[in-house]
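**Student:** Shown below is the structure under consideration.
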Amino acid sequence: MWELEGNDIFLVIIAGTAMFLLLVIALVIFVIFYQRKMYKQQLLLQEKENKYQKELMYSFVNGQEEERKRLAADLHDDIGAMLSTIKMNLNIASLQGNKEEQGELLKETRSFLDQTIQSVRRVSKNLLPVALEKHGLDTAIRELCERLSASGEIYVSYDFRVSESFPEKDSINIFRIVQELVNNALKHADAQNITIEIIDNENEFILCVSDDGVGFDLEHVDNPLNIEKGIGLANIEGRIKLLNGDWNIESAKNIGTKVKINIPKTQ
Amino acid sequence: MGLVEDFIQYIFPFISLILGLIKFKKLDRGMKILLVYLFYCVVSEIILRYYATVYRNNLFYYNIYPLLDFIIISAYISNIIELTSLKKWVRRVFIPFFVVAFSIYLFTQYDQLDKVTLPEFRSIGSFIIVISVLLYYYSLLVKRPYPNLFFNQHFIVSVGLIIYYAGTFMTWLFLETLFNTNLDLFSLFTSTIHIFLFLFIKYLTILIAILKAGYSKRLGNVGA
């Protein structure tokens, strides 16, 4: 096939074979080492994922416990105390001989009962907003804003402009996220104004909550799941993950905080 | 020398074949294809020896047996490749290519089959097998990581195959020239280096794979 001398052929075959072999052996070694590296990386990633899932689960359990504590405190300190007062008033009223004083006492008791009914409604709304179930997310958040603004201490503006409605199953998570962010602004940021905006584009819903509060150091929320730094953000993170979304926080000292959450429409 | 040569050429694949048959139930489809390959190798070697002894010319069988050799090895590689698209590539492109290329050789050189060696087909075939093994490695890299590739019996076989076909590629390329110009070199490359090095490595890796069969399934290293 080739016009070569015996010695040349020997050299060509030996050199060619050696070159081919070196090449394939190098490739085999590369595959082995690269595979091993990939396996180690996968293990590491899996470990991180497990840790993350564990922390997420922990934050959810803690969130539930916190919610129960809040409910217990509401029942005990507010409704429980009111009911005790009502009972005491009724006992006094039953022993009261003077009709006029008895009437006054009953009037006062009726007022306590009204307050108790209000408290029960408040607790119940906190547990599951009736508006959310009956009228949807927009109305529920609007009601929340109105309730907060009604106190006069803070003004909450709200804008809801979406071209398609939220999936019903996700509404409660969005509502809780808004509730938690507003709570944070009230409790920690000392904000005067809060703006809630929900808009959408072709692919995603965008939820934006900003305030003009004291802001905070972003370094402290690098890992929002860190239990020591509070569970509020961990709960938000957990709910965002459930919605397959992602989020971004911008905060500046004494200027305010802006939280932007993107939730894909197809999950 | 002759005894060792005979052992590597006949006894070694035969022992592997018998061991494979004993462990047949533990073998996956890829390993079963390898058993067919071993059977084909043993039978081919016997036929080649028979022609050489009785007719003093075994060129005819020597020229035609690589076709099935390449097809079986390609079938094996397509079976162990972990990406469906690459499996299809080997099945729908490489195997038909062997048949077409060989048919062209038969058509153009049918009168030369028992007179000269046909090294081009062997060279091209070897090259394509090397490419197929590289595709298998690519599929290994992109599909999923293994804790240790040497637990994977098919990877061990693939090392043997790539060393064999890459190592003999140049020999096949110059086979006819060697045969016509320098019989000593022809013998050195086709017997000594080919049999004592590359053929031994190929059969050894297949034997190791057969012995390992059934032990590595727990690790998920069974290939396709």
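**Student:** Of the residues in segment A:155-170, how many are surrounded by fewer than 19 Cβ atoms within 10 Å (Cβ to Cβ) and either within 12 Å of A:D212 (Cα to Cα) or of a type in the set (G, A, S) (or both)?
**Tutor:** Qualifying residue count, segment A:155-170: 4.
Yes/no matrix, rows are residues, columns are (1) within 14 Å of chain B (Cβ to nearest Cβ); (2) loosely packed, with under 11 Cβ neighbours inside 10 Å; (3) closer than 30 Å to B:F179 by Cβ:
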| position | (1), (2), (3) |
| --- | --- |
| A:A18 | yes, no, yes |
| A:L23 | yes, no, yes |
| A:V28 | yes, no, no |
| A:Q42 | yes, no, no |
| A:Y58 | no, no, no |
| A:N62 | no, no, no |
| A:R68 | no, yes, no |
| A:M82 | no, no, no |
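**Student:** Quick one: which helices (runs of 4 or more DSSP H) lie wholly within segment B:1-63 and hold at least 1 residues that are modelled with pLDDT of 90 or more?
**Tutor:** Hits in segment B:1-63: B:12-22, B:29-54.
**Student:** Among helices (runs of 4 or more DSSP H) lying entirely in segment B:112-187, which contain 2 or more residues that are surrounded by 17 or more Cβ atoms within 10 Å (Cβ to Cβ) and more than 9 Å from chain A (Cβ to nearest Cβ)?
**Tutor:** B:119-143, B:153-173
**Student:** Could we say that A:S157 is among the small types (G, A, S), in contact with a Cys (Cβ under 9 Å, 6 or more places away or on another chain) and either in a strand (DSSP E or B) or at pLDDT 85 or above (or both) here? Working first, answer last.
**Tutor:** On the way: among the small types (G, A, S): yes; in contact with a Cys (Cβ under 9 Å, 6 or more places away or on another chain): yes; either in a strand (DSSP E or B) or at pLDDT 85 or above (or both): yes.
Yes, satisfied.
**Student:** Test B:R92 against the criterion of being surrounded by fewer than 18 Cβ atoms within 10 Å (Cβ to Cβ), charged (D, E, K, R) and facing chain A (nearest Cβ under 9 Å), and give yes or no.
**Tutor:** Here the answer is no, as B:R92 does not meet what is asked.
**Student:** Give me the pairs, please: first residue somewhere in segment B:59-71 and touching a residue at least 12 places away in the same chain (Cβ under 8 Å), second residue anywhere and among the charged types (D, E, K, R), beta-carbon distance under 6 Å, and either six or more positions apart or on two chains.
**Tutor:** B:L59/B:D114; B:F60/B:D114; B:P66/B:R122
**Student:** Determine if segment A:73-85 includes at least one residue that is in a helix (DSSP H, G or I), farther than 29 Å from B:G160 by Cβ, touching a Lys or Arg at 6+ places or on another chain (Cβ under 9 Å) and in contact (Cβ under 8 Å) with a residue 40 or more places away in the chain.
**Tutor:** yes
**Student:** Within segment B:203-219, is even one residue within 13 Å of another protein chain (Cβ to nearest Cβ), in contact with a Phe, Trp or Tyr (Cβ under 8 Å, 6 or more places away or on another chain) and free of Cβ contacts under 8 Å to residues at least 40 places away in the same chain? Full working, then the answer.
**Tutor:** At the first step, the residues of segment B:203-219 found to be within 13 Å of another protein chain (Cβ to nearest Cβ) are B:205, B:219.
Narrowing further to those that are in contact with a Phe, Trp or Tyr (Cβ under 8 Å, 6 or more places away or on another chain): B:219.
Cutting the leftovers down to free of Cβ contacts under 8 Å to residues at least 40 places away in the same chain gives us none.
Within segment B:203-219 (the criterion being within 13 Å of another protein chain (Cβ to nearest Cβ), in contact with a Phe, Trp or Tyr (Cβ under 8 Å, 6 or more places away or on another chain) and free of Cβ contacts under 8 Å to residues at least 40 places away in the same chain), the answer is no, since none of the residues qualifies.
**Student:** May I pose another question? Here is a check on your reading of the model: is A:K37 basic (K, R) and more than 21 Å from A:R121 (Cβ to Cβ)?
**Tutor:** yes
**Student:** Here's something else I'd like to know. Restricting to segment A:33-82, count the residues that are of a type in the set (F, W, Y) and over 28 Å from B:Y137 (Cα atoms). Reasoning before the result, please.
**Tutor:** Quick first cut of segment A:33-82, residues of a type in the set (F, W, Y) only: A:33-34, A:39, A:52, A:58, A:60.
Among the residues that remain, those that are also over 28 Å from B:Y137 (Cα atoms) are: A:52, A:58, A:60.
Residues flagged as of a type in the set (F, W, Y) and over 28 Å from B:Y137 (Cα atoms) within segment A:33-82 amount to 3.
**Student:** Which of (1) farther than 24 Å from A:R70 by Cβ; (2) under 21 Å from the mean Cα position of the chain (by Cα) is the odd one out, the single condition A:L105 does not satisfy?
**Tutor:** A:L105 satisfies all of (1) farther than 24 Å from A:R70 by Cβ; (2) under 21 Å from the mean Cα position of the chain (by Cα) except (2).
**Student:** Given the residues A:N91, A:N183, A:N98, which is the only one that is on the phi < 0 side of the Ramachandran plot and either hydrophobic (A, V, I, L, M, F, W, C) or surrounded by 12 or more Cβ atoms within 10 Å (Cβ to Cβ) (or both)? Show your work before the answer.
**Tutor:** On the way: A:N91 fails: either hydrophobic (A, V, I, L, M, F, W, C) or surrounded by 12 or more Cβ atoms within 10 Å (Cβ to Cβ) (or both); A:N98 fails: either hydrophobic (A, V, I, L, M, F, W, C) or surrounded by 12 or more Cβ atoms within 10 Å (Cβ to Cβ) (or both).
Selected residue: A:N183, the only one of A:N91, A:N183, A:N98 that is on the phi < 0 side of the Ramachandran plot and either hydrophobic (A, V, I, L, M, F, W, C) or surrounded by 12 or more Cβ atoms within 10 Å (Cβ to Cβ) (or both).
**Student:** Here's another thing I want to ask about it. Consider A:L218 carefully, then state whether it is modelled with pLDDT under 85, surrounded by 21 or more Cβ atoms within 10 Å (Cβ to Cβ) and not β-branched (V, I, T).
**Tutor:** So A:L218 does not fit the description; no.
**Student:** If I go through segment A:164-215 residue by residue, how many of them are modelled with pLDDT under 85 and among the aromatic types (F, W, Y)?
**Tutor:** Residues flagged as modelled with pLDDT under 85 and among the aromatic types (F, W, Y) within segment A:164-215 amount to 1.
The values are calculated or read from the model by the stated rules, or taken from the named source; none is laboratory data. This is a predicted model, so every value here is computed, not measured. With ideal geometry, Cβ positions are generated from the backbone for all residues, glycine too; neighbour counts draw on all protein chains shown.
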